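> Questions regarding the structure given below will be posed in turn.
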Amino acid sequence: MTISAQTFASVLVFALVVHVVLLTCAYLIYVERKMAAYIQDRIGPNRVGFDFGLPILGFLKGCLGLGQSLADGLKFLLKEDYAPDRADKRLFTLAPVAIIIPALIGFAIIPWGGTATIPSFSILGLVHVTGGEVVLAGLNANIGIVYLLSVASLGVYGVTIAGYASNNKYSFIGGMRATAQMVSYEIPLGLSLLAILLVYGTLMPEEIIAHQRQHGWMVFAQPIAAVLFFIAILAEANRAPFDVAEAEQELVGGYHTEYSSMRFALFFLAEYAHMITSSAMFALLFLGGWEPLPFVSVFGGGAVHLGGGVAEVLLAVAVVGLKLAVLFGKAVTLVAFMMLIRWTIPRLRYDQIMMGAWQSVIPLALTVVVVTAAMVQWGRTDTLSLILANGAVFALMMVVMPLMPKYDPNRKIPLYGSRFNPMPGERVVTGPTVALAREDHPVRGSL
Amino acid sequence: MSTLGEVNLSSYLPLMVVVLMAATFAAINIVGTLLIGPKRPGKTKGLTYESGMNPVGTARKRFNVRFYLIAMVFLVFDVEIVFLYPWAATYPNLAMSDPDRVIWFWRILFFLFTTVVAYVYGYRKGVFRFD
């Protein structure tokens, strides 16, 4: 059997990265709990070590609570997997699968280690790998970045199915909210992506990094698109301040209210995997990918040669590992920033989120796309010109914003049957409606 | 230069492996917890959770039409964006002197303008008001 070098490298890289990401997800939960604890002046998890109750391993007790993630995972596995009687059992089981698959395949397109050339070799004489230049990513297809958008759209299905299958009002409302929010913020995601792809002129991740190596990071050239993209990925991952789908005070757990044990853990894992994927995507598109410094090329553009003597191979693997570490470090830093946002900014109200998407973020993103297209048509796509164009868009926004119709966010909204603010012309009886109570306290008006 | 011209389906082979790996991961987790975890069903336990109250009715109810409107408007915008991606990948690579460049710039601007008309229509109809 003969397989191409790219197929071999892709499967190998994905098999490696999926484990790294899953492990990171487990420890990100620990990091988030620690961060929340320090922000709220607590200590956070600090008890569970790796001693497993054995006296011989007593020196591993404590360990800053690093055993917490392992304990959590085991506990999830040992809990009862329960589905409510009235839930749609098949869809109920399908939903976590539908949500974890897009979360796990999302980062396939990210070129973790740049390009490399590998020589021809065969594994045990059975599988023959033809040598050649490969991109060290889980998938090197010519759709490139469009893959990100398609996978991001798939994530909506799991949420919708979970909300519907539970047959629970909390889940249903949470699922509806999350679906509407995710599809709404997919548009600014796509539009801000379009604005930078117009500058890159390509969909291939490796060429995007090469462009940034030459012209500086895109976050300097397109700051508005970067901010909009970041807002959109926060909303896509259902992270605070956009986590109304699981607003505890209103909806208990949102679409995963009825879930327990490993199925619940899959929802949690999907959220964190989604955060890592979108952060890595942000690092790739705006922060220069695996290049550690802006405006300076550290690793150069050429492909690493994975062949020759043992020392050369080790050196090449070290370079690839460094590139992976830089890209992953950027992604994890962005995830930490998302966590900081979660524990700093209060949750937005649902109507504010939706109006924010449709009345401010989308028009602004459209404007950025049109202005960028004009700059490309004019032939001015260097960083300085694009910064000036962004400044012009910002100034335009500042001029137009006071002219927009104002809404008072805390105004009273008329409701049918409301005692405090009824619909115009509606007469609402105030007072007890139970017959027995009415006899004690006669009410003016009629029922 | 981008390799958008050629279609190489074998480059999608790893994607199949990747999806299979993700699906296997999910399946192993769910089956594992089904096998290991306890099973103690009960009548009260099987009730729908409504903060401890007895459940009232089902959740299979009619919901606000606004979600439907949002889905419709989303379709308009999303399809538009999908059409714009091939343009974004090819148009900046045209030579400055190419006459197609100006033509495609104005065509896409007109295309965006039709979406803006749809947006303004929706705005005037109150689709984007959430109160």
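The values are calculated or read from the model by the stated rules, or taken from the named source; none is laboratory data. The model shown is predicted, which means the values in this text are computed figures rather than measured ones. Neighbour counts run over all protein chains shown; Cβ positions are idealised from the backbone, glycine included. Accessible surface areas use protein heavy atoms only, side chains included; no ligands, DNA or RNA. Shrake-Rupley method; radii C 1.70, N 1.55, O 1.52, S 1.80 Å.
> Do any residues in region B:46-72 that are surrounded by 11 or more Cβ atoms within 10 Å (Cβ to Cβ) have Cβ atoms under 7 Å from those of residues that are part of a loop (DSSP other than H, G, I, E, B) and hydroxyl-bearing (Ser, Thr, Tyr), where the two are at least six apart or on different chains, and which pairs are they?
B:49/A:257; B:55/B:48
Residue by residue, here is whether (1) more than 22 Å from residue A:155 (Cα to Cα); (2) β-branched (Val, Ile, Thr) holds:
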{"position": "A:108", "(1), (2)": "no, no"}
{"position": "A:115", "(1), (2)": "yes, yes"}
{"position": "A:131", "(1), (2)": "yes, no"}
{"position": "A:135", "(1), (2)": "yes, yes"}
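> Filter region A:80-133 for residues that are within 10 Å of chain B (Cβ to nearest Cβ), assigned to a helix (DSSP H, G or I), under 30 Å from residue B:47 (Cα atoms) and open to solvent by less than 40 Å² (accessible area, probe 1.4 Å) and give the result.
A:96, A:97, A:98, A:99, A:100, A:101
> Then there is this: Looking at (1) within 30 Å of residue B:125 (Cα to Cα); (2) not in a helix (DSSP H, G or I), which is the one condition that is false for residue A:361?
So the condition that residue A:361 fails would be (2).
> Look at residue A:237 and say whether it is in contact with a Gly (Cβ under 6 Å, 6 or more places away or on another chain), within 23 Å of residue A:341 (Cα to Cα) and modelled with pLDDT under 85.
no
> Which of the following residues is more than 8 Å from chain B (Cβ to nearest Cβ) and touching a residue at least 40 places away in the same chain (Cβ under 8 Å): A:184, A:192, A:166?
Unique residue meeting the criteria: A:192.
> How many residues, within region A:316-342, are open to solvent by 60 Å² or more (accessible area, probe 1.4 Å) and over 17 Å from residue A:233 (Cα atoms)?
Residues in region A:316-342 being open to solvent by 60 Å² or more (accessible area, probe 1.4 Å) and over 17 Å from residue A:233 (Cα atoms): 2 in total.
> Looking at residue A:279, is it touching a residue at least 60 places away in the same chain (Cβ under 8 Å) and away from chain B (no Cβ under 14 Å)?
no
> Output yes when any residue across region A:267-282 is farther than 30 Å from residue A:381 by Cβ, of a type in the set (Asp, Glu), open to solvent by 10 Å² or more (accessible area, probe 1.4 Å) and in contact with a helix residue (DSSP H, G or I) (Cβ under 6 Å, 6 or more places away or on another chain), and no when none is.
No: zero hits.
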